[in-house]
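Notes follow the structure.
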Amino acid sequence: MTRRLAAEGVTLVRDVNLSFGHGEFVAITGPSGSGKSSLLYLLGLLDRPTEGQVLLEGQDTVGLAPPAMAALRLKHLGFVFQFHFLLPEFTALENVLIPIRKLGALEGETARDSALALLEGLGLAPAAAKLPEQLSGGMRQRVAIARALANNPVLVLADEPTGNLDTRNAAAVFDIFERMTQAEGRTVLVVTHDPDLAARATRRVHLVDGAVVSDTRR
Amino acid sequence: MNLILDLARGMLRRRRRQTLVSVMGVALGVAFFIAIAGMMRGFQTYFVAQIIDVAPHITIKDETREPPVQAAVLAAPEGAVSVRGVRPQDSIRGIRGAGEKLATLEAMPGVAAAPVLGGQALLRYGSRDVSATLLGVDPERHRRVSNIEKDMSAGRLEDLRATANGIIIGEALARRLGVGMGDTISAISPAGVVLSMRVAGLFSTGIQAVDQGQGFVLLTVQQVLQNRPNTVNQLLVRLADVTQAEPLARRIEARFGNRTESWEEQNQNILTVFVIQNAIMYSVTGAILLVAAFGIYNIISTVVFEKTRDIAILKSLGFAEGDIQRLFLVQGLVVGVLGAVLGCALGAAMIEGLAQVRFGVDTPAGQDRFVLSRDWRIYLIASGFAIASSAVAALVPARRASRLDPVQVVRGAA
């Protein structure tokens, strides 16, 4: 798979051929501008490759119309970014409820209970009724993770999720990712700069100039 | 859809003051429209009611709309016949078979008809001459097609029968002649007949032309005065349902051949003025709503700009372009609907305020205040227009929001 920017004549991701299994905890590393995030957005169906395929559960997604891609993201994928991107007008619980309500598989009380259970699982029960601005940075990021998990995704994509967190909170986030992969069987792809954290992943993909230079399993 | 509404509400709540200003803008546009339209429509309705009240709904005349086809042309329709310089034959003018036509009209449901012979006469009292249009009427029938009796300040229409050569004239005309009830005046017709008549009644309709220049006499008296025995030159018709005047007039004309005019046709010039008035009103209030629409465009654009990150995250969560567009369209609609509701309340209050205004001058028609229309359709038009323009104003920024690329936003933020 390759992604070029036609206008700038830049190749973001070059001839990448990767596959990820269920329950894998993958760290994507590399220097700045190596195409880590670009790769993540391609895998997260937010972008399309110029050449090649992106398969999700065996289904080719490249030819899909934007609404179909959006539907796949909603149902199967969860995103965590460096910034929490919580909607500031809504409480932690309401933020987690947004994707659940959007999917519409759960109704009313059931949806609420499901969102509350997610928050509790991440130690956020007391924060449920609070607005993002009333929460600490670490808590916000955990709420964002809860939101990413709202529709029970098979694949969670995280772009520098600990970039704005202190060491303790960063470690807590990685604890959560570990649990997600080991106990819940989800696949987690994390783009990170931090070599200590990357070391905790079960697999490490290293990129330089858009190409995979190493792919090691622990 | 509930989710979209909740998200929209949250976003607008954040910009409470701006939202309020936009809502007020729409509300003012709607309220002014309601107030102005209420005044205009009220006045127009009042004016039309006056016309309908005073004038017959349909007037059947003793003429035809097109000159009659000449016999020579009729005989050879395809032939090379050219008839020029045709002068109207000086036959006895008047509606032929008026009695039968009257019976036919009366047989129709909801129709009242009365025969009239109209004609000019010079009214003379002492040394004063005033020319007037005299209508020869059948009092019993005429009361059913005209409200003139309501406007009579002295005497009744029936008194024409009780008084020998009785005449009922407008108060203004009486003043010009210097006569009062019971005085005897001379009437001189173009036919040269002179009759002395006794004033048996006075009326005041509020319409100057009528009050200064019209009189009523008995039909038979008028036929003598005009030297046109057994002639009727107008049939006046009044309908239970005024709106049927125009179609019925066309049907009557097709059947009888006489030129038949509905009240709308007779007052076309005034009705045309109303059309122009309405156009002005729509332009003015349209301009207000246009300004309000720019306000909405502004607020939604600002929200879109400020909410770039939220839009990106919603998209990454799985919201499609259509969802995002709807999210901002709904915000415009919320402003529009709130503005419309508030504007309707404000407009109703303005109408009630206007209803309290007194001009302090007594017009002849006895109207010293605004005639106001409280027609619900005005509210409907104003609200509909406000909501539609809100939607259009929100559409542009909403589309811009929907096309936002989340990758670029997330990269920009990181």
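Within segment A:15-33, is there a residue that is within 12 Å of chain B (Cβ to nearest Cβ), touching a residue at least 24 places away in the same chain (Cβ under 8 Å) and under 15 Å from the mean Cα position of the chain (by Cα)?
no
Which residue out of B:Thr64, B:Thr59 is more than 14 Å from chain A (Cβ to nearest Cβ) and touching a strand residue (DSSP E or B) at 6+ places or on another chain (Cβ under 6 Å)?
Details: B:Thr64 fails: touching a strand residue (DSSP E or B) at 6+ places or on another chain (Cβ under 6 Å).
Result: B:Thr59 is the single residue among B:Thr64, B:Thr59 that is more than 14 Å from chain A (Cβ to nearest Cβ) and touching a strand residue (DSSP E or B) at 6+ places or on another chain (Cβ under 6 Å).
Tally the residues that are modelled with pLDDT of 85 or more and basic (Lys, Arg), restricting the search to segment B:368-405.
Qualifying residue count, segment B:368-405: 4.
What number goes with the only condition from (1) more than 9 Å from every other protein chain (Cβ to nearest Cβ); (2) of a type in the set (Lys, Arg); (3) within 20 Å of the chain's Cα centre (by Cα) that A:Arg73 does not pass?
(1)
All but one of (1) open to solvent by 20 Å² or more (accessible area, probe 1.4 Å); (2) polar (S, T, N, Q); (3) not assigned by TED's automatic domain parsing to the domain that holds B:Ala8 hold for B:Thr302, so report the exception by its number.
With (1) open to solvent by 20 Å² or more (accessible area, probe 1.4 Å); (2) polar (S, T, N, Q); (3) not assigned by TED's automatic domain parsing to the domain that holds B:Ala8 applied to B:Thr302, the lone miss is (3).
Select, from B:Val73, B:Val69, B:Val21, the only residue that is in a loop (DSSP other than H, G, I, E, B) and open to solvent by 40 Å² or more (accessible area, probe 1.4 Å). First the steps, then the outcome.
Numbers: B:Val73 fails: in a loop (DSSP other than H, G, I, E, B); B:Val21 fails: in a loop (DSSP other than H, G, I, E, B).
Within the list B:Val73, B:Val69, B:Val21, the selection yields B:Val69.
Could you pull out the residue among B:Val291, B:Val275 that is touching a Gly at 6+ places or on another chain (Cβ under 7 Å), more than 10 Å from chain A (Cβ to nearest Cβ) and open to solvent by 80 Å² or more (accessible area, probe 1.4 Å)? I'd like the intermediate steps shown before the answer.
Details: B:Val275 fails: touching a Gly at 6+ places or on another chain (Cβ under 7 Å).
Only one candidate passes the filter, namely B:Val291.
For segment B:393-409, how many residues are closer than 12 Å to B:Ile313 by Cα, open to solvent by 20 Å² or more (accessible area, probe 1.4 Å) and assigned to a helix (DSSP H, G or I)?
Selection size over segment B:393-409: 2.
Is it the case, given these coordinates, that B:Leu329 is within 14 Å of another protein chain (Cβ to nearest Cβ) and crowded, with 19+ Cβ neighbours inside 10 Å? Reasoning before the result, please.
Numbers: within 14 Å of another protein chain (Cβ to nearest Cβ): no; crowded, with 19+ Cβ neighbours inside 10 Å: yes.
When the stated conditions are applied, B:Leu329 does not pass them.
For segment A:30-45, name all the residues that are out of contact with any strand residue (DSSP E or B) (no Cβ under 7 Å at 6 or more places or on another chain) and either under 17 Å from A:Leu18 (Cβ atoms) or assigned to a helix (DSSP H, G or I) (or both).
Within segment A:30-45, A:Tyr41 is the sole residue that qualifies.
Criterion first (among the aliphatic types (A, V, I, L, M) and modelled with pLDDT of 90 or more) does B:Val210 satisfy it? Even if it seems obvious, please write down each step before you answer.
Numbers: among the aliphatic types (A, V, I, L, M): yes; modelled with pLDDT of 90 or more: no.
Considered against the rule, which asks whether it is among the aliphatic types (A, V, I, L, M) and modelled with pLDDT of 90 or more, B:Val210 comes out as no.
Under 7 Å between Cβ atoms, which residue pairs at least 6 apart in sequence (or on different chains) link something in segment A:38-55 that is more than 12 Å from chain B (Cβ to nearest Cβ) with a partner that is open to solvent by 10 Å² or more (accessible area, probe 1.4 Å) and not in a loop (DSSP other than H, G, I, E, B)?
Cβ pairs passing all conditions: A:Pro49/A:Arg3; A:Thr50/A:Arg3; A:Thr50/A:Arg4; A:Gln53/A:Asp60; A:Val54/A:Leu43.
Please verify whether segment A:127-138 includes one or more residues that are within 17 Å of A:Leu87 (Cα to Cα), hydroxyl-bearing (Ser, Thr, Tyr), surrounded by fewer than 22 Cβ atoms within 10 Å (Cβ to Cβ) and free of Cβ contacts under 8 Å to residues at least 40 places away in the same chain. I'd like the intermediate steps shown before the answer.
So in segment A:127-138, the residues within 17 Å of A:Leu87 (Cα to Cα) come out as A:127-138.
Checking which are hydroxyl-bearing (Ser, Thr, Tyr) leaves us with A:136.
Restricting the remaining residues to those that are surrounded by fewer than 22 Cβ atoms within 10 Å (Cβ to Cβ) gives A:136.
Within this subset, residues satisfying the condition of being free of Cβ contacts under 8 Å to residues at least 40 places away in the same chain are A:136.
Yes, the conditions are met somewhere in segment A:127-138.
Please state which one of A:Arg204, A:Arg217 is at pLDDT 90 or above and farther than 24 Å from A:Arg147 by Cα. Reasoning before the result, please.
Values: A:Arg217 fails: at pLDDT 90 or above.
A:Arg204 is the lone residue from the list that is at pLDDT 90 or above and farther than 24 Å from A:Arg147 by Cα.
Have a look at B:Ala200, B:Ala245, B:Ala174 and point out the one that is assigned to a helix (DSSP H, G or I), buried (at least 19 other Cβ atoms within 10 Å of the Cβ), touching a Ser or Thr at 6+ places or on another chain (Cβ under 6 Å) and touching a residue at least 24 places away in the same chain (Cβ under 8 Å).
B:Ala245
Based on what the data block shows, is B:Val30 within 29 Å of the chain's Cα centre (by Cα), part of a helix (DSSP H, G or I) and of a type in the set (A, V, I, L, M)?
Values: within 29 Å of the chain's Cα centre (by Cα): yes; part of a helix (DSSP H, G or I): yes; of a type in the set (A, V, I, L, M): yes.
When the stated conditions are applied, B:Val30 passes them.
Step by step: first the residues of segment B:249-272, then only those that are open to solvent by 20 Å² or more (accessible area, probe 1.4 Å) and among the polar types (S, T, N, Q), then the one that is farthest from B:Leu395 (Cα to Cα). Which residue is that?
B:Gln266
Based on this model, can you work out whether B:Val341 counts as over 19 Å from B:Met11 (Cα atoms), open to solvent by 50 Å² or more (accessible area, probe 1.4 Å), of a type in the set (A, V, I, L, M, F, W, C) and more than 14 Å from chain A (Cβ to nearest Cβ)?
yes
Pull up segment A:76-89, narrow it to residues that are at the interface with chain B (Cβ under 7 Å from one of its Cβ atoms) and either at pLDDT 90 or above or surrounded by 23 or more Cβ atoms within 10 Å (Cβ to Cβ) (or both), then point me to the one that is farthest from A:Val156 (Cα to Cα). Steps first, please.
Of segment A:76-89, the ones at the interface with chain B (Cβ under 7 Å from one of its Cβ atoms) are A:79, A:81-83, A:85, A:87, A:89.
When the remaining residues are screened for being either at pLDDT 90 or above or surrounded by 23 or more Cβ atoms within 10 Å (Cβ to Cβ) (or both), the result is A:79, A:81, A:85.
Numbers: A:Phe79: 6, A:Phe81: 11, A:Phe85: 16 Å.
Here the residue is A:Phe85.
Return only the number of the condition from (1) within 13 Å of chain B (Cβ to nearest Cβ); (2) free of Cβ contacts under 8 Å to residues at least 12 places away in the same chain that A:Ala117 does not satisfy.
For A:Ala117, the exception is condition (1).
Suppose the filter is farther than 28 Å from B:Leu346 by Cβ and surrounded by 24 or more Cβ atoms within 10 Å (Cβ to Cβ); does B:Ile58 pass it? Walk me through how you get there before you give the answer.
Details: farther than 28 Å from B:Leu346 by Cβ: yes; surrounded by 24 or more Cβ atoms within 10 Å (Cβ to Cβ): yes.
Yes, satisfied.
Taking the criterion of being of a type outside the set (Lys, Arg), open to solvent by less than 40 Å² (accessible area, probe 1.4 Å) and within 30 Å of B:Val69 (Cβ to Cβ), would at least one residue in segment B:87-95 satisfy it?
yes
The values are calculated or read from the model by the stated rules, or taken from the named source; none is laboratory data. Just so it is clear, the structure is predicted and the values come from calculations on it, not from any experiment. Cβ sites come from the backbone with ideal geometry, for glycine too, and all protein chains shown count toward neighbours. Please note that ligands, DNA and RNA were not included when accessible areas were found on the heavy atoms of the full protein model with its side chains. Shrake-Rupley method; radii C 1.70, N 1.55, O 1.52, S 1.80 Å.
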